[in-house]
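Okay, so here's the structure we're looking at.
The values are calculated or read from the model by the stated rules, or taken from the named source; none is laboratory data. Bear in mind the structure is a predicted one, so any value in this text is a computation, not a measurement. Backbone-built Cβ (ideal geometry, glycine too); neighbour counts: all protein chains shown.
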Amino acid sequence: MNTPMQDISEAALVAGSKQGEHDAIAELFRRHYSRSLQIANGILRHQDDAQDAVQAAFFQAFRRIESFRGEASFKTWITRIVVNCCLLQLRETRNRVTWVQLEDRHGVQGPDMLPTQAPTPENSAWCGEIASALSSAVSRLPEHLHAAYTLLTNSELSLQEAASSLGLTVAATKTRLFRARAAIRTSLQAFWSPGHQV
């Protein structure tokens, strides 16, 4: 009796993929596509671009699957390729506006997380203004800070996995994240000043 594909270890799937087994390739794709798309969406903030980047990443990955030596997990390896493809797209579409969705991992929109279930018009305007400012602040981050920030805030990767995906040390990744957050805080400083009006 054949083992169901979902029960096969990742190492066995990688080995099968290296032998050109289509079922193994398809299963690796199935296991990692959704998370890869989530990461790409976090970096590119445009669904079509994210799908293009992920498809290009998986195409590249399976074309050079022989180069995967298992020193890191397949998840880390494919994430690094996805990030690289996203950065390439960012360079090509540098003038695209980046939108940041204020939602948690359960899909709850930011305004719904306010203490009141029915925000006042003033609160709604305030949330909209902050969302717009945050989007603008993230879009203005230098490319290397943008990638680190979006990868670590829009994926479930550990710091170590994110660092490996970016080709950085953990310390360098922490530094980029710190600088990105500092830049965003500076951009949003006006919203926390006493005299700011919506």
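When the test is whether a residue is touching a residue at least 24 places away in the same chain (Cβ under 8 Å), part of a helix (DSSP H, G or I), closer than 21 Å to Glu143 by Cα and basic (Lys, Arg), Arg35 does not pass it.
Of all the numbered requirements in (1) surrounded by fewer than 16 Cβ atoms within 10 Å (Cβ to Cβ); (2) closer than 22 Å to His146 by Cβ; (3) in contact (Cβ under 8 Å) with a residue 24 or more places away in the chain, Lys18 misses one, and that requirement is (2). Screening the candidates Ile43, Ile81 for the property of being buried (at least 20 other Cβ atoms within 10 Å of the Cβ), modelled with pLDDT of 85 or more, in a helix (DSSP H, G or I) and touching a helix residue (DSSP H, G or I) at 6+ places or on another chain (Cβ under 6 Å) yields one hit, Ile81. When Glu66, Glu27 are checked against the criterion of being over 25 Å from the mean Cα position of the chain (by Cα) and assigned to a helix (DSSP H, G or I), Glu66 stands alone in meeting it. Can you work out which of the residues in the range 1-24 that are part of a loop (DSSP other than H, G, I, E, B) and aliphatic (A, V, I, L, M) is farthest from Ala72 (Cα to Cα)? So the residue we want is Met1.
The set of residues in the range 135-165 being touching a helix residue (DSSP H, G or I) at 6+ places or on another chain (Cβ under 8 Å), in a loop (DSSP other than H, G, I, E, B) and among the small types (Gly, Ala, Ser) consists of Ser155 alone.
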